[in-house]
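The values are calculated or read from the model by the stated rules, or taken from the named source; none is laboratory data. Predicted model, so just to flag it, every value in this text is computed and none were measured. Cβ placement follows ideal geometry from the backbone for every residue including glycine, while neighbour counts extend to all protein chains displayed.
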Amino acid sequence: MNIRIIGTVVGMCFLIFGLLSLILSVAGLQFSYMAFLDAPGKGFGLIARLVMMFSGVLITAIARTDWDAERAELEADLEVE
């Protein structure tokens, strides 16, 4: 399996589970396997869910970037100057 596909799936899972967990916590519910996030306090749980969502977006963006095309574009820009 391609590393780009794995990165995209992992990033999207982080994003989806973080978002669903945040929505459920607003309604007073929670996923049982993510209950440990609220053990230190509600504020910590909120920050952990937000970090989970943003890291999912970041992982997905990094996984979907075509680094060869970016490098070629950068080299072409440097040659023009």
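Values for this structure:
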read-out: Count of residues meeting criterion [under 16 Å from G45 (Cβ atoms) and surrounded by 11 or more Cβ atoms within 10 Å (Cβ to Cβ)] in region 1-28; value: 10
read-out: Qualifying positions in region 10-62 - part of a helix (DSSP H, G or I), polar (S, T, N, Q) and touching a helix residue (DSSP H, G or I) at 6+ places or on another chain (Cβ under 7 Å); value: S21, S25, S55, T60
read-out: Residue list for region 63-81, restricted to those being surrounded by 11 or more Cβ atoms within 10 Å (Cβ to Cβ) and in a helix (DSSP H, G or I); value: A63, R64, A72, E73
read-out: Yes/no for A48 being exposed (fewer than 15 other Cβ atoms within 10 Å of the Cβ), out of contact with any Lys or Arg (no Cβ under 8 Å at 6 or more places or on another chain) and modelled with pLDDT of 85 or more; value: no
read-out: Residue among G56, G7 that is of a type in the set (G, A, S), touching a residue at least 40 places away in the same chain (Cβ under 8 Å) and touching a Leu at 6+ places or on another chain (Cβ under 6 Å); value: G56
